[in-house]
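In what follows, a single structure is set out as structure tokens and then discussed.
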Amino acid sequence: MEEIKKTRFVSPEDTKRQAEAIARIKADSDRYLYENGMRRKAFVMTLGCQQNEADSEKLAGMSEAMGYEITDIPDDASLIIVNTCAIREHAEKRALSIVGQYKHIKAKNPELVICICGCMVVQEHRIRDIKMSYPYVDILFGTSSIHKFPELLCEKLKVGKRVLRADSGEYLVAEGLPIKRESTYKAWVSVMYGCNNFCSYCIVPYVRGRERSREMSEVIAEVRELVERGYKDITLLGQNVNSYGKDGGKNYDFADLLYELDKIEGDYLLHFMTSHPKDATKKLIDVMSSSKHIARQFHLPMQSGSDRVLKAMNRKYDFEKYIGIVDYIREKMPTATITSDIIVGFPQETEDDFEDTLRALKRAKFDMIFSFIYSPRKGTPAAEMEGQIAPEIQSERFERLLKVQNEISLASNKPYEGKTVRVLCEERSKNNESVFNGRTEGGKIVFFDADDSYTGRFLNIEIEKADTFALYGKII
Ligand code: 5AD
Ligand code: SF4
């Protein structure tokens, strides 16, 4: 994969080219509307993390600006965009299987344009797969070309040939793209893109380029606008938010950004993810603990409790340093929820290493963890390591890990019984019509009876029951 260039921002010429492409396609879409009495529709399918969700909201925004109406029915669409993930094998298999299903839609509607973008298709072997085995995919572009989508679509519509753009190698910050937000009360705001850490198991630095931060003034303006529009829950995104500002030669850091954002007046909560423990600072925790709007919630991926494995993962901290941060968060914010990511079955992980992880879980007492079985990623150092762990051992350890954590999660939820907590009411539960779900400031899921008028509002909920994965209560 190519060396990444240093320039940080998309050039004005590039921005102008995209604006021209948008205007051209919009004119064509308006003609279609005039002739057919309805708009062409676009369907956006997102796999993977919140960064991808945020990117998809931009792709949907650009599609809308080009005259498409966003639909959630792929069969109705004239434009399908699949935004892929590469973090684990499973995510890639899912993306390929979803793209496979769209072949039939294309057979019925040859006008349909199918695009595949995101992390998976930055990898050369995947680009080859799509070229050879998915001839009905019209446009392919990597994470570096999201802002170029209008230009690529224009080329496809004009020339008719497939537009397969591998990674441009130019990873930039694009400001001012239209965004179609999924929610009217919850929003993602990217503060930086890319990652410089090269954890030995992780594909992200290869598919999302080097770290680059947005200007603080741009982030503040976006958050302020969201708060003014009534957004209640704003999550700042970055692969490693603690590196914010370091790439631009600026004299501010992520803690300074939080400090400034917290001054924005209104009834809202700010969350952020993800923090790398190697540079989660006391300053950051101090800013959080004395803030008005920053949620008392910390997602701090530990990955393993074994120092030997952490070293092999290139994580640049040991368990002692890690637990020091956890203790400091609890000292400054006793009510904070702390969550983590754990990888099980990393190459050469011994039974002793794994038991270190179990011990670490018991010591850290996370409210919840996201646990993953190690998945070798082509091109990363860990995939080449000797001593890959057999799938049966990985699964057996994974089950044991869940069992230990489930008890800890239950114990962390039980004290909520009988308490009243402030909860942001979200959507109707899928299984029960009158039950709604919401989240506490710390991100715990709460179920309660409500109706649609409560969605997007903060409510006081009295918790009647707590189990491993959720709290249950009633509005008071
Ligand atoms: N295999 C399994 N889990 C992984 N993660 C990242 N790369 C891999 C991989 N190759 C996990 C890490 C990270 C989370 C987003 O995904 O725990 O924190
Ligand atoms: Fe991957 Fe490590 Fe970067 Fe997170 S910090 S995206 S795990 S390389």
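Quick notes on this structure:
- Think of a 1.4 Å ball rolled over the protein heavy atoms: the chain then has 45 Å² of accessible area per residue.
- Convex hull of Cα atoms in region 417-475, direction-averaged projection (nm²): 3.5 nm²
- For region 443-448, the Karplus equation 6.51 cos²θ - 1.76 cosθ + 1.60, evaluated at θ = phi - 60°, returns couplings of x, 6, 7, 10, 10, 6 Hz by residue, with Gly and Pro reported as x.
- Computed from Cα atoms alone, the Kirkwood hydrodynamic radius reported for region 12-164 is 15.5 Å.
- Cα-based Kirkwood hydrodynamic radius, region 296-415, one decimal, Å: 14.8 Å
- Surface/4 estimate of mean projected area, convex hull on alpha-carbon atoms of region 187-274, nm²: 5.6 nm²
- With Cα atoms, 0 to 90° folded angle of helix 391-413 axis to the chain main axis: 70 degrees
- Karplus 3J(HN,Hα) series, Hz, for region 378-385 with 6.51 cos²θ - 1.76 cosθ + 1.60 (x for Gly, Pro): 3, x, 9, x, 5, 5, 8, 5
- Summing Lys and Arg as +1 and Asp and Glu as -1 over all other residues whose Cβ lies under 10 Å from the Cβ of Lys180 gives a net charge of -1.
- For the chain, the cysteines with no partner cysteine C-beta closer than 4.7 Å are Cys49, Cys85, Cys115, Cys117, Cys119, Cys154, Cys195, Cys425.
- In this structure, the amide hydrogen of Ser183, modeled 1.01 Å from its nitrogen in the peptide plane, lies closer than 5 angstrom to no residue at least 5 positions away or on a different chain.
- 3J(HN,Hα) along region 286-299: 5, 4, 4, 5, 9, 8, 9, 10, 7, 4, 7, 8, 9, 9 Hz, from the Karplus curve 6.51 cos²θ - 1.76 cosθ + 1.60 with θ = phi - 60°, whole Hz, x for Gly and Pro.
- Using a probe radius of 1.4 angstrom, the carbon and sulfur fraction of the accessible surface of the chain is 51%.
- Two-decimal Rg/Rh across the chain, once Rg and the Kirkwood Rh are taken from alpha-carbon atoms: 0.96
- Residues whose amide H falls under 5 Å from that of Met302, counting only those 5 or more places apart or on a different chain, are Asp341, with hydrogens built in the peptide plane.
- Folded to 0 to 90 degrees: helix 89-108 orientation relative to the chain principal axis, Cα: 30 degrees
- When the Cα atoms of region 137-187 are aligned to their principal axes, the ranges along those axes come out at 40, 24, 18 Å in descending order.
- The gain in end-to-end length when the Ile98 to Arg181 segment is fully stretched comes to 27.6 nm, 0.36 nm per residue minus the alpha carbon separation.
- Protection-proxy order for peptides 314-327, 426-439, each taking the mean of Cβ atoms within 10 Å per residue, highest first: 314-327, 426-439
- Glu386 contributes about 150 Å² of solvent-accessible surface, heavy atoms of the protein only, 1.4 Å probe.
- Separation between Cα centres of region 228-260 and region 404-441, rounded to whole Å: 28 Å
- Alpha-carbon Debye profile of region 91-190, log10 I(q)/I(0) at 0.12, 0.15, 0.20, 0.25 Å⁻¹: -0.45, -0.70, -1.13, -1.37
- For region 263-323, convex hull of alpha carbons as volume per residue, Å³: 84 Å³
- Long-range amide H partners of Val113 with built H, under 5 Å: Leu79, Ile80
- Against the main long axis of the alpha-carbon atoms of the chain, helix 124-133 sits at an angle near 50°.
The values are calculated or read from the model by the stated rules, or taken from the named source; none is laboratory data. Since the model is a prediction, treat every value here as computed from it, not as a measurement. Cβ: placed from backbone, ideal geometry, glycine included. Neighbour counts: every protein chain shown. Side chains included, ligands, DNA and RNA excluded: accessible areas come from the protein's heavy atoms. Shrake-Rupley method; radii C 1.70, N 1.55, O 1.52, S 1.80 Å.
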